[in-house]
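Enquirer: The structure is given below, and queries will be raised subsequently.
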Amino acid sequence: MKNKKIYKSFSDSVKDIKNGSSIMIGGFGGSGGQPTRLMLALRDLGLKNLIIISNVAGISVTTGYGWPKNITPVDQGIFFETKQVKKIICSFPVTGSIKPISEIEKSWQNGDCEVEIIPQGTLIERIRAAGAGIPAFYTPTGVGTIVAQNKEQRKFNNRTFLLEKALSADFALIRANRSDTFGNLEYIGTSRAFNPAMATASKITIAEVNEIVKPGEIDPEKIGTPGVYVNRIVKRKLKDPYP
Amino acid sequence: MKNLSFNNDPAPRLSRNDIARKAAQFLPNSSIVNLGIGIPSLCANYLPSNIEVLYHAETGLLGYKDLYEGEKGNPNIMDAGGNFPIEVPGMVFFDSIESFNMIRGGHINITVLGAFQVSGTGDLSNWMIPSRGIGSIGGAMDLAENTPTVIVAMEHTTSTNIPKIVEQCTYPLTSKNCVNLIVTDVAVIEVKYYEKQKSKLILKEKASGWNISEVQKITNVELFEE
């Protein structure tokens, strides 16, 4: 029987993403845990009006953030230099220095895209909530700041909290070390980050992996994302230069 | 980076490394610590030898210390500054859900953060310069709002000698009434809370050659001595 989850190429695995789709991109920011090959395949579709959801976004090309020094970084900026993005939802789109200017900031300055900046703990919990069937939750983070604007507030035990809503997407592009043929994923180190939560919060989750192995080859105790959340698996070429 | 220095200064201001060295003295033994980027991240280099802490990074890492230099390091073990820590026994990895459960749940004891402005009531602004119009919140709001002890490590003024300790923050806020201690290149100041939203700034230490009136000249909130 043909395994319907395994895709032969990155371009095949993303080809039904459309203009206006919302897309979560996993990892933390930096190369570890970033689905770099899926991102490049998506960029090559040349779509418009995408909504991108990421954590730290678009600062690696200008600063080397989270990349080995001997490799030229790839980051979310690839979607902005080609004017494919309507909006990005993220926690960290710029560094403290104004120069050199990143593709996201340039695009924002030109009025080509909207940038929504969300506290990181709220961003991940909104994604977690979407995957867990919880429509909204209260958090203390952001009370008294512009993050609280237009949000319902409620006191519990004399402390004020904000109501934050679940955040889902059409697609999640995520990155893991190995997958088995069921789509059970194993992660390494801090490359977990946003990947496990994003896997649960999208209609279609596509995982970029180093290796696809038989069921049982990954210790069941070490599976970070159960295959129930994973729709498509694509294996990288051997010795891919990207981390 | 050079120390800030102005004509009216009675004595040199501390370097960024020395601000970090001073702030590191306030990390209690056995505490769980999150260091922000910039001056705070330098604190790890100056932890007193008799003190042991566990460092937490938003990336999903607990129990790191030294970083690889040059081209070495594993991109799959990264701190929030984008650096690659050296693997050590006892290090633990987790995803971002867990990482922020630790922060929001108050399990991180102490955080050292940078700042653009701190108010006399302990409000913190550290994520956006208004004239730029775009900034990065990252983990700062979660850390500032939910960590029991917040230390700010920063230069006392801007590069044009404008005070950063102010009556009221004019930059977008990160969190209100959250700062407990301000460590700068000329002073150590405690934000002493009397009741909610009421506080006094207590001058605890001055840099060599600085007295309270000299520090007061570059501080927009009244300072008290104990």
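Enquirer: Run through the DSSP bridge list for the protein assembly as shown and note the antiparallel percent, rounded to the nearest 5. Mind dumping the intermediate values first?
Expert: Values: 32 of 81 bridges.
Of the beta bridges lying entirely in the protein assembly as shown, close to 40 percent run antiparallel.
Enquirer: Sticking with this one: With Cβ to Cβ distances under 15 Å as the rule, what net charge do the other residues near B:Pro85 carry (K, R +1; D, E -1)? Don't jump to the answer; show the numbers that get you there.
Expert: Working: positive: B:Lys65, B:Lys72; negative: B:Glu58, B:Asp66, B:Glu69, B:Asp79, B:Glu87.
That works out to -3.
Enquirer: Contour minus end-to-end for A:Lys48 and A:Lys83, with contour as 0.36 nm per residue of separation and end-to-end as the Cα-Cα distance?
Expert: Numbers: separation 35, 0.36 × 35 = 12.60 nm, distance 0.72 nm.
Result for the pair: 11.9 nm of gain on full extension.
Enquirer: Please list B:52-58, A:218-224, B:132-138 highest first by mean number of surrounding beta-carbon atoms within 10 Å per residue.
Expert: Descending packing order for the listed peptides: B:52-58, B:132-138, A:218-224.
Enquirer: Let me ask something else about it. With respect to the cross-link table entries A:Lys48/A:Lys69; B:Lys22/B:Lys196; A:Lys69/A:Lys99; A:Lys86/A:Lys203; A:Lys18/A:Lys222; A:Lys2/A:Lys237, which display a Cα-Cα separation exceeding 24 Å?
Expert: Too far apart for the 24 Å limit: A:Lys48/A:Lys69; B:Lys22/B:Lys196; A:Lys18/A:Lys222.
Enquirer: What percent does the relative contact order of the range B:121-221 come to when contacts are Cα pairs within less than 8 Å and at least six residues apart?
Expert: Numbers: 182 pairs, mean separation 32.1, N = 101.
Reported as a whole number, the value is 32 percent.
Enquirer: If the reach is capped at under 20 angstrom between alpha carbons, list the aspartates and glutamates near A:Lys165, excluding any in the same chain fewer than eight residues apart.
Expert: Qualifying aspartates and glutamates at Cα under 20 Å: A:Glu114, A:Glu116, A:Glu125, A:Glu152, B:Glu98, B:Asp142, B:Glu145.
Enquirer: What number, in nm² with one decimal, is the all-direction average of the projected area of the convex hull of the alpha-carbon atoms of chain B?
Expert: Numbers: hull surface 52.5 nm².
It is 13.1 nm².
Enquirer: Along the principal axes of its C-alpha atoms, what lengths does the range A:80-135 span, in descending order and rounded to whole Å?
Expert: 39, 25, 14
Enquirer: Okay, next question. Simple spin-label model, 7 Å along Cα-to-Cβ: B:Ser208 to A:Lys2 in nm?
Expert: In this crude label model, B:Ser208 to A:Lys2 measures out at 7.7 nm.
Enquirer: Report the Cα centroid-to-centroid distance between the range B:63-114 and the range A:180-243 in angstrom, as an integer.
Expert: Here the answer is 22 Å between Cα centres.
Enquirer: Now a separate question. So what's the back-of-envelope 222 nm ellipticity for chain A, counting only DSSP H runs of four-plus at -39500 (n - 2.57) apiece and dividing by all residues, rounded to 500?
Expert: My calculation for chain A gives -4500 deg cm²/dmol from helical runs alone.
Enquirer: Can you give the charge dipole size of the protein assembly as shown about its Cα centre, rounded to the nearest 20 debye, using +1 on the beta carbon of Lys and Arg and -1 on the beta carbon of Asp and Glu?
Expert: Approximately 1240 debye in magnitude.
Enquirer: Moving on to the next point. Percent antiparallel among DSSP beta bridges with both residues in chain A, to the nearest 5?
Expert: Roughly 25 percent of the DSSP beta bridges within chain A come out antiparallel.
Enquirer: Put +1 on the Cβ of every Lys and Arg and -1 on every Asp and Glu Cβ in the protein assembly as shown; which of B:Ser49, B:Ala187, A:Ile124 then has its Cα farthest towards the positive end of the dipole?
Expert: The listed residue farthest towards the positive side: A:Ile124.
Enquirer: How many percent of DSSP beta bridges within the range A:136-229 run antiparallel, rounded to 5?
Expert: Looking only at bridges with both residues in the range A:136-229, the antiparallel portion is about 55 percent.
Enquirer: Let me have the relative contact order for chain A, percent, based on Cα pairs under 8 Å that are six or more residues apart.
Expert: With pairs under 8 Å counted, the relative contact order is 23 percent.
Enquirer: Then there is this: Cα centroids of the range B:172-226 and the range B:119-171: how far apart, whole angstrom?
Expert: 14 Å
Enquirer: Something else now. Which FRET efficiency, nearest 0.05, do B:Asn161 and A:Gln149 yield, Cβ-Cβ r, R0 25 Å?
Expert: Using R0 = 25 Å, I get an efficiency of 0.15.
Enquirer: Quantify how strongly other chains surround peptide A:135-146 by giving the mean number of their Cβ atoms within 10 Å of each of its Cβ atoms. Write down the numbers at each step before the final one.
Expert: Details: counts 0, 0, 0, 0, 6, 6, 14, 7, 5, 8, 13, 5.
For peptide A:135-146, the averaged partner shielding equals 5.
Enquirer: Got the relative contact order for chain B handy, in percent, Cα pairs under 8 Å and 6 or more residues apart?
Expert: Averaging sequence separation for qualifying contacts and normalising by length gives 19 percent for chain B.
Enquirer: Straight distance only, please: which lysines reach the Cα of B:Lys200 with their own Cα at less than 18 Å, same-chain residues fewer than 8 apart left out?
Expert: Straight-distance partners of B:Lys200: B:Lys164, B:Lys176, B:Lys192, B:Lys217.
Enquirer: If you don't mind, another one. How much net charge surrounds B:Pro48 when only the other residues with a Cβ under 13 Å from the Cβ of B:Pro48 are counted, with Lys and Arg +1 and Asp and Glu -1?
Expert: +1
Enquirer: To continue, here is another question. Alpha carbon centre of the range B:14-44 versus the range A:97-115: separation in Å?
Expert: 32 Å
Enquirer: Right, another one. Given labels modelled 7 Å from the Cα in the Cβ direction, how far is it in nm from A:Lys239 to B:Arg132?
Expert: 4.2 nm
Enquirer: Just grab the label-to-label distance for B:Tyr194 and B:Glu87, each label 7 Å out from Cα along the Cβ direction, in nm (one decimal).
Expert: Simple spin-label model gives 5.5 nm for this pair.
Enquirer: Please report Rg (one decimal) and Dmax (integer) in Å for the Cα set of the protein assembly as shown.
Expert: My reading of the Cα-based Rg and Dmax gives 22.7, 82 Å.
Every read-out reported here was derived from the displayed coordinates using simple, explicitly stated rules and does not represent laboratory data. Because the structure is predicted, anything quoted here is derived from the model rather than measured. Positions of Cβ are backbone-derived with ideal geometry, glycine not excepted, and every protein chain shown enters the neighbour counts.
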